[in-house]
Structures are given as C-alpha cells and as structure tokens.
Amino acid sequence: MNEIPVLVEFVEGSRIERGKPVERSLPILRNGPPGTVIHFAAGGAVPLPTDQIVLCDDSRGLARVGFGGMKFCGVEEDLLSFRRVQDLLPEEFLSPERGFHMTLEPGTVLRVLVHGQLAWPERSPLP
C-alpha cells in the first residue's frame with residue numbers, strides 16, 4: 001500500500017457504487033469515466049473523482065479508496081481536504097468539469113494514509 005499516494009478508509013458500513021461505462025458505437029470524448037459514489041449505512045453518499053482512483057475495495061465491511069493523483073492537504077475549514085496534483089488519464093478521457101479540490105466530512109472517514117503512513121487522524125504524542 002506504500003505505492004498508493006493517498007488511501008482513504010471510510011467508516012464501517014460504507015460501500016462503493018461504481019457507474020457502468022456507456023457503450024456506444026461512436027466514442028464520447030471529454031465525458032469523463034463513469035462515476036464512483038460512497039454510500040453510508042446511516043444514509044447519505046459522497047461522489048469521488050473516479051479518474052483519480054487506483055484502488056477500490058469494500059469487501060471488509062468498509063470502503064477503501066486509493067487515489068493516485070491526489071494530495072492530502074489536512075483539515076481545512078473543518079473538512080478533510082484533498083487536491084488534484086496530477087491527471088492519471090489523457091485529457092481526451094477527462095471531463096472539463098472535473099474537480100480539482102475534494103473535501104470530505106471527518107465523520108465519514110476512519111483514517112487517511114499517505115504512502116502507507118497514517119496522516120489523519122493525527123497520532124497523539126506519547127506523554
């Protein structure tokens with residue numbers, strides 16, 4: 001897991017829903033990949049930037065999503081903040097409306113790992 005720049009583990013009971021690719025006889029350019037949404041057991045959902053996802057798993061009772069082109073920026077205005085630093089797909093496969101800043105409610109996330117190291121919640125210093 002150290003090779004994944006940012007890994008977000010969502011709270012227990014979260015699950016991943018991935019949209020199905022549209023199959024057409026003519027290619028659709030700059031429409032972006034099908035959507036990815038995290039659903040929570042308590043209700044609610046959050047969309048994720050599918051074009052940045054390099055790992056997607058919810059087989060352990062919680063959603064785990066790895067992002068290849070995102071940077072974890074910490075907590076900003078009481079939200080976990082992530083920024084796009086690199087596109088993983090060629091421009092013609094990306095939506096022009098793609099987001100460059102992702103925020104998540106801290107209550108929906110169990111932990112954030114950066115290159116395999118715990119980045120959030122921050123570890124408490126030992127006394």
Within the stretch 47-91, which GluC sites (Glu not before Pro) sit in a loop by DSSP and count at most 13 neighbouring Cβ atoms inside 10 Å?
GLU77
Alpha carbon centroid spacing (whole Å) that separates the stretch 33-77 from the stretch 78-127
9 Å
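Each reported figure results from applying straightforward, stated rules to the coordinates on display, with no laboratory input. The structure displayed is predicted, hence computed values, not measured ones. For neighbour counting, all protein chains shown are included, and Cβ atoms are generated from backbone atoms with ideal geometry for every residue, glycine included.
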